[in-house]
Amino acid sequence: MAAPIPHPVDLDTRPEVTSFFDEATNTVSHVVKDPASQACAIIDSVMDFDYAAGRIAFEHADRIIEHVRQHGLEVQWLIETHVHADHLSAAPYLQQQLGGRIGIGEHIVQVQETFGKVFNEGTEFQRDGSQFDRLFADGERYRIGSMEAFAMHTPGHTPACMTHVIGDAAFVGDTLFMPDGGTARADFPGGDAATLYRSVRRILELPSPVRLFMCHDYGPGGREIRWETTVGEQRAGNIHVHDGVDENDFVELRTGRDATLSMPRLILPSLQVNMRAGQLPPADADGRHFLKVPLNTL
């Protein structure tokens, strides 16, 4: 049974959302501005990573920085909707350049425990979420300028997934895709299809006009890339969870589809960096950073 929404959604507050699409990872980052002030939050940023060359860069993040500075915005939050498995976070770089606090859901500790073992991290790797500035609990409220926001725990894709509801907008991370894209996979460690279904239905209990912003889009059928829809549109037309689809049907569909999917191309570097709040693993004595490749584990 879905938990109740923590408090009424403020449909009268319409944050200004500017989105940045990263073609290399099909990721969408969002700058969410308070319409009554210059305060903003940045949600799900991307660090460029050339896997073959082992090189990082910040072209995508620099586009966001340029936008923030050009419009005189004050970054108060750098939000991660979850520990992404398909791109590396640029949150520390953005924080260095623009300020703000890095936040993620409090269940990050479960993800750190799981993948601390997968990557054979030593005791120096803290598994208490202390790499982040704020750990959000389910229903917890916070402010972006004059706007009140709240975090909803929406696990299933990962244990730490959160949806952030800000005025008439909700940022769903990977939990939902556009209606013709369905939902996130649920076969990563800690994922669960039945839990994902309940989380999605919780999101779809928000008022129909609420704008939903995706973290990814892949242009199904060759259509143009899109990342904004509404609760009403999802309930009417999401190919996996439209109204009338019950939990058993969804679990069967989701489980069957997940069995056909390959691991994301950047899952190994992404998890190692993102569970550290976007920081690279500690450098060796010569100042070099290394990523691990666990064999036959995922």
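For this structure, a couple of remarks:
- Scanning segment 23-48 for residues that are assigned to a strand (DSSP E or B) and over 15 Å from Gly173 (Cβ atoms) turns up Val31, Lys33, Ala39, Cys40, Met47, Asp48.
- Condition check for Thr297: modelled with pLDDT of 95 or more and either of a type outside the set (D, E, K, R) or in a loop (DSSP other than H, G, I, E, B) (or both): no
- Search result, residues across segment 229-241 that are touching a residue at least 24 places away in the same chain (Cβ under 8 Å) and within 22 Å of the chain's Cα centre (by Cα): Thr229, Val231, Gly232, Glu233, Gln234, Arg235, Asn238, Ile239, His240, Val241
- Being of a type outside the set (D, E, K, R), within 23 Å of Ala259 (Cβ to Cβ) and outside any loop (DSSP other than H, G, I, E, B) holds for only one residue in Thr158, Thr163, Thr195, Thr229, and it is Thr195.
- Within segment 259-284, restricting attention to residues that are over 19 Å from the mean Cα position of the chain (by Cα) and either without any contact (Cβ under 8 Å) to a residue 40 or more places away in the chain or surrounded by 14 or more Cβ atoms within 10 Å (Cβ to Cβ) (or both), the residue that is nearest to Val109 (Cα to Cα) is Pro281.
- Pairing each residue of segment 58-75 that is more than 18 Å from Thr25 (Cβ to Cβ) with any residue that is acidic (Asp, Glu) and surrounded by fewer than 22 Cβ atoms within 10 Å (Cβ to Cβ), provided the two are 6+ apart or on different chains, yields C-beta distances under 9 Å for Val68/Glu74.
- Unique match (being within 14 Å of Val83 (Cβ to Cβ), modelled with pLDDT of 95 or more and among the aromatic types (Phe, Trp, Tyr)) among Phe132, Phe188, Phe177: Phe132
- When residues of segment 101-129 are limited to those that are among the charged types (D, E, K, R) and in contact with a strand residue (DSSP E or B) (Cβ under 7 Å, 6 or more places away or on another chain), the one nearest to Gln279 (Cα to Cα): Arg101
- Of everything in segment 93-117 that is part of a helix (DSSP H, G or I) and of a type in the set (A, V, I, L, M, F, W, C), the residue that is farthest from Leu268 (Cα to Cα) is Leu98.
- Against the test of being surrounded by 16 or more Cβ atoms within 10 Å (Cβ to Cβ), among the polar types (S, T, N, Q) and farther than 29 Å from Arg202 by Cα, the options Gln110, Gln97 yield a single qualifying residue, Gln97.
- Total residues in segment 15-33, condition under 15 Å from Arg211 (Cα atoms) and surrounded by fewer than 21 Cβ atoms within 10 Å (Cβ to Cβ): 4
- Where Asp50 falls short, out of the listed (1) at negative phi; (2) surrounded by 15 or more Cβ atoms within 10 Å (Cβ to Cβ): (2)
- Residue within segment 31-50 that is at pLDDT 95 or above, of a type in the set (Ser, Thr, Tyr) and over 20 Å from the mean Cα position of the chain (by Cα) present: yes
- Selection within segment 130-147: residues that are out of contact with any Asp or Glu (no Cβ under 7 Å at 6 or more places or on another chain) and not polar (S, T, N, Q). The member of this set that is nearest to Asn274 (Cα to Cα) is Phe132.
The values are calculated or read from the model by the stated rules, or taken from the named source; none is laboratory data. The model shown is predicted, which means the values in this text are computed figures rather than measured ones. Virtual Cβ from ideal backbone geometry, glycine too; neighbours counted across all protein chains shown.
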